[in-house]
Amino acid sequence: MGSAGLSRLHGLFAVYKPPGLKWKHLRDTVELQLLKGLNARKPPAPKQRVRFLLGPMEGSEEKELTLTATSVPSLINHPLVCGPAFTHLKVGVGHRLDAQASGVLVLGVGHGCRLLTDMYNAHLTKDYTVRGLLGKATDDFREDGRLVEKTTYDHVTREKLDRILAIIQGSHQKALVMYSNLDLKTQEAYEMAVRGLIRPMNKSPMLITGIRCLHFAPPEFLLEVQCMHETQKELRKLVHEIGLELKTTAVCSQVRRTRDGFFTLDSALLRTQWDLTNIQDAIQAAAPQVAAELEKSLSPGLDTKQLPSPGGSWDSQGPSSTLGLEECGAVDG
């Protein structure tokens, strides 16, 4: 495989991680498929070298032997002699998904692994659909966890749920402004807010930039959550705490990431597409948007002098719970 083909394997692409598959196994599977594709390519024609071979002299009746210069292929680099040409590829994983979660998972190959760091530093938001079930609580906030409580939920309405979601979004938006260290009275901060570029400047608790109910059919409800710095466990805990605010209980039955920064479900390769050709095409298709979005998100213009040190504690400044409801007073049930 030529250098031009290898250059197409440097960049970012997204895959769809099914539930039940660990991200490490997914990464290893993708790497094996890429190596398989690279090594299946037709090797370049072997170089020729000159050897002097012993043979009969032409025109000699007495069959005299002589050395004749002959061009023969050099087999020193043949796969049957030295083994596969490619035995290792550098494949990196972006914002991880735990084994139970599914959805968009961004991977980087080669130099693309450095772009994963840029994505992390850009503090891009991610979208999730989170499914909840009213009426029970478990020890790990998951539907199949150990049951610790069962409750009634007949009193829960769509209006009450929407009211709580609005309070959550408002409290987290205040926290986002605080962690961004921006003076909202400045023109710069106003322009960043208009462009949707207000971001925390370092580590922070989970910050929710948007949350709404997509479907409500008790005991089931479906939420759409836009957030950053989250873990899937925190999203499951969010469902649990929403249940408590509704004067009942709730567990999470599904966490599905539908967008990670500028990668969406439409650009995520399915398991049947985890091969060399599809991955190369996906890297090439994503490259212009990756460059444009990272340049926009990482552009200078923030006053970094006011930022806390990387080793500083952020927890004491954040919302005191996942919901951040304490700031808003009691919620009418």
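The values are calculated or read from the model by the stated rules, or taken from the named source; none is laboratory data. All values derive from a computational prediction rather than experimental measurement. Virtual Cβ from ideal backbone geometry, glycine too; neighbours counted across all protein chains shown. Just the protein is used for accessible areas: all its heavy atoms, side chains included, with ligands, DNA and RNA removed. Shrake-Rupley method; radii C 1.70, N 1.55, O 1.52, S 1.80 Å.
Quick look at the numbers
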| quantity | calculated |
| --- | --- |
| Residues of segment 113-151 that turn out to be closer than 19 Å to L222 by Cα and of a type in the set (S, T, N, Q), as a count | 2 |
| Filter result (in a loop (DSSP other than H, G, I, E, B), on the phi < 0 side of the Ramachandran plot and open to solvent by 40 Å² or more (accessible area, probe 1.4 Å)) within segment 217-253 | P218, P219, T231 |
| Complete set of residues in segment 221-251 that are among the β-branched types (V, I, T) and within 18 Å of K174 (Cβ to Cβ) | V225 |
| Any hit, segment 132-139, residues being within 30 Å of A40 (Cβ to Cβ) and either touching a residue at least 12 places away in the same chain (Cβ under 8 Å) or open to solvent by 40 Å² or more (accessible area, probe 1.4 Å) (or both) | no |
| Test: I279 is at pLDDT 95 or above, crowded, with 19+ Cβ neighbours inside 10 Å, farther than 30 Å from K150 by Cβ and among the hydrophobic types (A, V, I, L, M, F, W, C) | yes |
| Residue within segment 87-106 that is charged (D, E, K, R), open to solvent by 60 Å² or more (accessible area, probe 1.4 Å), under 29 Å from L294 (Cα atoms) and at pLDDT 90 or above present | yes |
| Strands (runs of 3 or more DSSP E) contained in segment 1-79 and holding at least 3 residues at pLDDT 95 or above | 11-17 |
